[in-house]
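The block underneath contains the structure these notes are about, expressed in structure tokens.
The values are calculated or read from the model by the stated rules, or taken from the named source; none is laboratory data. Everything numeric in this text was worked out from a predicted model, so none of it was measured. Note that each Cβ is placed from the backbone with ideal geometry, even for glycine, and that neighbours are counted across all protein chains shown.
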Amino acid sequence: MKVKCTAGALLLLLASTICASGEEAPLTDAQIVGIIVVANQAEIAAGQVAMRRTQSRSIQSFASRMVDEHAQVNQETAGLMQRLAVTPQRSETSDELMQQSYDDLARLNAIDARDFDQAYLDREVIFLHQLIKSVDIFIRSTRNAELKVLLVRSRPSFILHLDQAYRLQVALERPGYGR
């Protein structure tokens, strides 16, 4: 029950973070890049915690994939920034997302070992769902064609990650799932 409450609070905070981006002035491409970099770093950090804390080989494999693939997106983003001579810019949204990432990591590190897998997967389902919604908004609003291509190419991977997290979450609820 405690995990579900934490997941609900996380969902509300993430939703308010994204809604806040709609209330401020339209994001520049540099701010969009800043948000994407922070989101990928958040996924990498959460994956690293999961790799260290979980006893489940399935979740370790998923977390490892999250770390590798989100690091790859950040590398592609860095290459794009270098080609375009663009520096990621902070925004209210990226700052809130960074703070949420710190809070998530603190929660994940503090949670009891037997509840960790559920908490991690709940976080992933919520975070990835929101990331996909944000990427959809960014694809429509970015002005740079290369950034748009990067976002469009990354989106299916994020959808696959969400699907995998959801499937692991469902499997975790089945009786006999080895923790």
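Checked against (1) over 17 Å from the mean Cα position of the chain (by Cα); (2) under 18 Å from A165 (Cβ atoms); (3) small (G, A, S), A30 passes all but condition (2).
Examine the stretch 127-140 for a residue that is closer than 18 Å to V49 by Cα, at pLDDT 95 or above and not in a loop (DSSP other than H, G, I, E, B), and state whether such a residue exists. There is at least one residue in the stretch 127-140 that is closer than 18 Å to V49 by Cα, at pLDDT 95 or above and not in a loop (DSSP other than H, G, I, E, B). The condition of being aliphatic (A, V, I, L, M), at pLDDT 95 or above and either closer than 21 Å to V170 by Cβ or over 17 Å from the mean Cα position of the chain (by Cα) (or both) holds for only one of L151, L121, L80, L84, that being L121. Can you confirm whether the stretch 78-89 contains a residue that is within 17 Å of L121 (Cβ to Cβ), without any contact (Cβ under 8 Å) to a residue 12 or more places away in the chain and either touching a helix residue (DSSP H, G or I) at 6+ places or on another chain (Cβ under 6 Å) or surrounded by fewer than 19 Cβ atoms within 10 Å (Cβ to Cβ) (or both)? Within the stretch 78-89, not a single residue is within 17 Å of L121 (Cβ to Cβ), without any contact (Cβ under 8 Å) to a residue 12 or more places away in the chain and either touching a helix residue (DSSP H, G or I) at 6+ places or on another chain (Cβ under 6 Å) or surrounded by fewer than 19 Cβ atoms within 10 Å (Cβ to Cβ) (or both). Scanning the stretch 24-33 for residues that are assigned to a helix (DSSP H, G or I) and surrounded by fewer than 24 Cβ atoms within 10 Å (Cβ to Cβ) yields D29, A30, Q31. Scan the stretch 103-140 residue by residue and report those that are crowded, with 16+ Cβ neighbours inside 10 Å and over 27 Å from V33 (Cα atoms). Matches in the stretch 103-140: I111, F116, D117, Q118, A119. Annotation: Q169 fulfils all but one of (1) surrounded by 14 or more Cβ atoms within 10 Å (Cβ to Cβ); (2) outside any helix (DSSP H, G or I); the unmet one is (2). Scanning the stretch 55-75 for residues that are surrounded by 15 or more Cβ atoms within 10 Å (Cβ to Cβ), in contact (Cβ under 8 Å) with a residue 40 or more places away in the chain and farther than 15 Å from E124 by Cα, we see that the one that is nearest to the chain's Cα centre (by Cα) is V73.
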